[in-house]
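The structure appears below as structure tokens.
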Amino acid sequence: MEPIVKGNPTVLSSSSSSSLILTSGASGRINALLSMRALKSLIMLVNAFVLLLLVPFRGRKRAQSMALSVAEKPRDEKQERKCATVRVPATIVSWKSSNSSSSSSSNNGNCSSPTPDAVDQEVAVRRALAIRRVVEDKDRCESSMREFLLFQSPRGNMIFTQSWTPVSLKIRGLVVLLHGLNEHSGRYSNFAKQLNANGYKVFGMDWIGHGGSDGLHAYVHSLDDAVSDLKSYLQKILADNPGLPCFLFGHSTGGAIVLKAMLDPSISSCISGVVLTSPAVGVQPSHPIYAVLAPIVSLLLPTLPVGSANKTTLPVSRDPDALVAKYSDPLVYTGAIRVRTGYEILKVSSFLQQNLSKICIPFLVLHGTADEVTDPTASLKLYNEASSTDKSIRLLEGLLHDLLFEPERESIMNDIIEWINCRV
């Protein structure tokens, strides 16, 4: 297998000797306290506290120390590989539906919670767009048949799902895709079609608050709900497609959801393998005090967006066209992370850190050493502590967070497909 990046990789794998490439990352009277000015000041203070807390993926200078622990490299070679980061063009702004007041208030950082009717309107707009994209793609694609299904969760929420089925090839396996925070399953359509070309039927689920699914955009009251929805969806897929091996793909927070679902033996026993890209396994608050404040603020102002938008602070790809496509997509949330959502990510990350040794499913994890959103050293910890006997990790030198939207995407997709092929 050709390496994805240049350099002198260190080979590391528990399933074979050559399947892994690891490379070198408040005073006054009562009326004063209750004044609007005081209230605004209080909200600003809370927002300032939460600002650093729930970015919550903090970029850290870890790639260098991680690289030194894996392999020694000449300094000039490292400089030679250093990639210029590309930030989102300033002309790209958050999408606001003219029919949805909730979308406008959320993207502008309004502290008030949107009304249920406003949320329903916003969901209707998102869902209509998600459905239209499936229908349009179905009409113009000859090698894959793309369809959608509204799946009812155990809580009664409508979850938007879609599938890609190869038209002329015999189906030899199933792949279920779970997207990352703030995005949606439709972004992985090209990857799904490549999987179709190799005989795999592909399913995608927009987890709660994302894409065409119910919920305020990018608000997740509990990631356990997303885990529960994934389990129910998997059970339906397996019942409808008996006898076929099933693999899971999870990106970023989607990868954390996948891993938590795999801690349920009744689910993991039905899965042949898991592929994770840039999983949110080791998310940490920027200061310990914020871990104390997080549950309080998430109760008081759960939907409050805090911090700077990801598009201006944390580069996720070195491909400018991929960035434009992502942040001009109406189904991608471009506002600041919501308090409760960030708190839930901290919780699931902490849970996984304490239970890594219980993971026994075959897996492949890929992570860019220059990722400033999630921590590649946490992926290395996952690899080291998991009980899986079939596990592989690839740390890709200089690559950023959205691996399937990096310039090297084709090679990465091919390596993922090859890993799955070897286990069918």
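Amide H contacts for Val365 (H built 1.01 Å from N in the peptide plane; partners 5 or more residues away or on another chain; cut-off under 5 Å): Leu276, Ser392, Ile393, Arg394. Between Ser350 and Lys231, the FRET efficiency from the beta-carbon distance, with R0 = 22 Å, is close to 0.60. Counting only aspartates and glutamates at least 8 places from Lys358 when in the same chain, those with an alpha carbon closer than 12 Å to its own are Asp264, Glu385.
Sequence-ordered 3J(HN,Hα) estimates for the stretch 141-158 from the Karplus curve with 6.51, -1.76 and 1.60 and θ = phi - 60° stand at 9, 9, 8, 10, 9, 9, 9, 10, 8, 8, 9, 8, 6, x, 8, x, 6, 8 Hz, glycine and proline given as x.
What does the charge count near Leu259 come to, summing +1 for each Lys or Arg and -1 for each Asp or Glu among other residues with Cβ under 14 Å from its Cβ?
Local charge sum for Leu259: +3.
When you filter the GluC sites (Glu not before Pro) in the stretch 136-187 for DSSP loop state and at most 13 other Cβ atoms inside 10 Å of their Cβ, you are left with Glu142.
For Asn157 and Arg140, calculate 0.36 nm times their separation in residues minus their Cα-Cα distance, and state this gained length in nm to one decimal.
3.0 nm
Listed by chain and number, the aspartates and glutamates whose alpha-carbon sits under 17 Å from that of Lys193, ignoring those within fewer than 8 places in the same chain, are Glu136, Asp137, Asp139, Glu142, Glu147, Glu410, Asp415, Glu418. Put in line by how crowded their Cβ is, counting other Cβ atoms within 10 Å and starting with the fewest, Ser185, Ser232 read Ser232, Ser185. Between their Cα atoms, which of Lys170/Lys381; Lys201/Lys231; Lys138/Lys170; Lys138/Lys391; Lys201/Lys326 are more than 29 Å away from each other? Flagged as over cut-off: Lys170/Lys381; Lys138/Lys391.
Each value in this text was obtained by applying a stated rule to the coordinates, not by laboratory testing. Everything numeric here is computed off the predicted structure, so don't read it as measured data. Every residue, glycine as well, gets a Cβ built from its backbone with ideal geometry; the counts of neighbours run over all protein chains shown.
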